[in-house]
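Notes follow the structure.
Please treat every number below as a calculation from the coordinates, not as lab data. Predicted model only: the values in this text are computed from it and were never measured. For neighbour counting, all protein chains shown are included, and Cβ atoms are generated from backbone atoms with ideal geometry for every residue, glycine included.
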Amino acid sequence: MEPCPREGIGFVRIPGTTTCIRLSGRASASVDVGTYRTETPVQSRLSIDSRSESGLGPVRSFVRIDAGRR
């Protein structure tokens, strides 16, 4: 996969197309041990950003999924 520097850091070109995509995310977890706290808070985020050119101009799609407790 080759980088897409015109779209920014982290974008790569999907082979055989002019579409560039960036996948990013994070996950965290913690444990509180004690008499009153028995939950395990978990948070996660996944982001997908794709960009391409069309006959009408640039096309962008962006999806962000957040999960867990805050």
- In whole Hz, what ³J(HN,Hα) sequence does region 9-25 give by Karplus (6.51, -1.76, 1.60; θ = phi - 60°), x for Gly and Pro? 5, x, 7, 10, 7, 6, x, x, 9, 9, 7, 10, 9, 9, 10, 8, x
- Item | Note, ³J(HN,Hα) from phi for region 49-66, Karplus 6.51, -1.76, 1.60, rounded to Hz, x at Gly and Pro | 10, 10, 9, 7, 9, 10, x, 9, x, x, 10, 10, 10, 9, 10, 10, 10, 10
- Charge sum, other residues only, whose C-beta stays under 11 Å from GLY8's C-beta, Lys/Arg counted +1 and Asp/Glu -1: +1
- Interchain or sequence-distant (5+) residues whose placed amide H lies within less than 5 Å of the amide H of THR19 are ILE14
- Grab the other residues whose beta carbon is less than 11 angstrom from that of CYS20, score K and R as +1, D and E as -1, and report the net. +1
- Message: Just to be sure I understand: if I project the alpha-carbon convex hull of the chain onto a plane and average over all orientations, what area do I get in nm²?
- Response: 6.4
